[in-house]
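Chemist: Before anything else, here's the structure in question.
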Amino acid sequence: MGSDRLIRPVGEGRIALLRADITTLTVDAVVNAANQSLAGGGGVDGAIHRAAGPELMRELRERYERCPTGSAVITGGGRLAARYVIHAVGPRWRDGNHGEPELLAQAYRSAFTLASEHSCTTLAAPSISIGIYGFPIDLAAPIAMGAAAAALEAPGTSLREITFALFSDADLEVFARTL
Ligand code: ADP
């Protein structure tokens, strides 16, 4: 990981911000911004499935039918360096009056809980919902990092480092301002 990593200590761990393609990171678990049907798609979902290989979709089909918004499921990491992929479903942005902020927080919480249940120490997450799902990043960044901070401060958590892998300098800047 490069020197452009921004870090903030939280509890016994830390939140890190990195401009990176999440599929290249060596962490215990990678979070995927999935959709309810777990059918793969564009954006980071497509990138993770391409990099992980067909085993990921096979396992999803075998173990899960769908995943409601705000929740998450876990599979192996396929060909990724990560041991697990945690498929979390964020909300599609409508107008902000349909519970979108709480659903986004729930998606992150579900992902972090699963990671800790699987004894993960390091985890990388993209900024869920801000791409195809249209969630404004200015609102998403504090929700994402608030959920990460709460997860790192939770008693008994295995998590020690949560890295947000931002795909553009502009996205990284918004997260850095919030950090
Ligand atoms: P959603 O449907 O939840 O909005 P998207 O995949 O469309 O999910 O976008 C979520 C964020 O992930 C966007 O900011 C997008 O630029 C980013 N993204 C896309 N590919 C990658 C990648 N390989 N690594 C990290 N982030 C990525």
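The values are calculated or read from the model by the stated rules, or taken from the named source; none is laboratory data. It should be emphasised that the depicted structure is a prediction, and the values quoted were computed from it without experimental measurement. Backbone-built Cβ (ideal geometry, glycine too); neighbour counts: all protein chains shown. Just the protein is used for accessible areas: all its heavy atoms, side chains included, with ligands, DNA and RNA removed. Shrake-Rupley method; radii C 1.70, N 1.55, O 1.52, S 1.80 Å.
Chemist: Before we move on, is VAL27 part of a loop (DSSP other than H, G, I, E, B), under 17 Å from LEU159 (Cα atoms) and more than 9 Å from the ligand (Cβ to nearest atom)?
Modeler: Spelling it out, VAL27 is indeed part of a loop (DSSP other than H, G, I, E, B), under 17 Å from LEU159 (Cα atoms) and more than 9 Å from the ligand (Cβ to nearest atom).
Chemist: Looking at segment 118-146 only, could you name the residues that are aliphatic (A, V, I, L, M), closer than 16 Å to ILE15 by Cα and either open to solvent by 10 Å² or more (accessible area, probe 1.4 Å) or over 14 Å from the mean Cα position of the chain (by Cα) (or both)?
Modeler: ILE143, MET145
Chemist: Please pick out the residue among LEU6, LEU17 that is touching a Lys or Arg at 6+ places or on another chain (Cβ under 9 Å), touching a residue at least 12 places away in the same chain (Cβ under 8 Å) and more than 10 Å from the ligand (Cβ to nearest atom).
Modeler: LEU17
Chemist: OK, next. Quick test for you: out of GLU173, GLU153, GLU161, pick the one residue that is away from the ligand (no atom under 16 Å from the Cβ), open to solvent by 60 Å² or more (accessible area, probe 1.4 Å) and at pLDDT 95 or above.
Modeler: GLU153
Chemist: Would you be able to say whether some residue in segment 73-92 is touching a helix residue (DSSP H, G or I) at 6+ places or on another chain (Cβ under 6 Å), within 21 Å of ILE143 (Cβ to Cβ), open to solvent by 80 Å² or more (accessible area, probe 1.4 Å) and in a strand (DSSP E or B)?
Modeler: No, every residue in segment 73-92 fails to be touching a helix residue (DSSP H, G or I) at 6+ places or on another chain (Cβ under 6 Å), within 21 Å of ILE143 (Cβ to Cβ), open to solvent by 80 Å² or more (accessible area, probe 1.4 Å) and in a strand (DSSP E or B).
Chemist: Still on this model: I need the full set of residues from segment 14-24 which are buried (at least 21 other Cβ atoms within 10 Å of the Cβ) and part of a strand (DSSP E or B), in order please.
Modeler: The answer is ILE15, LEU17.
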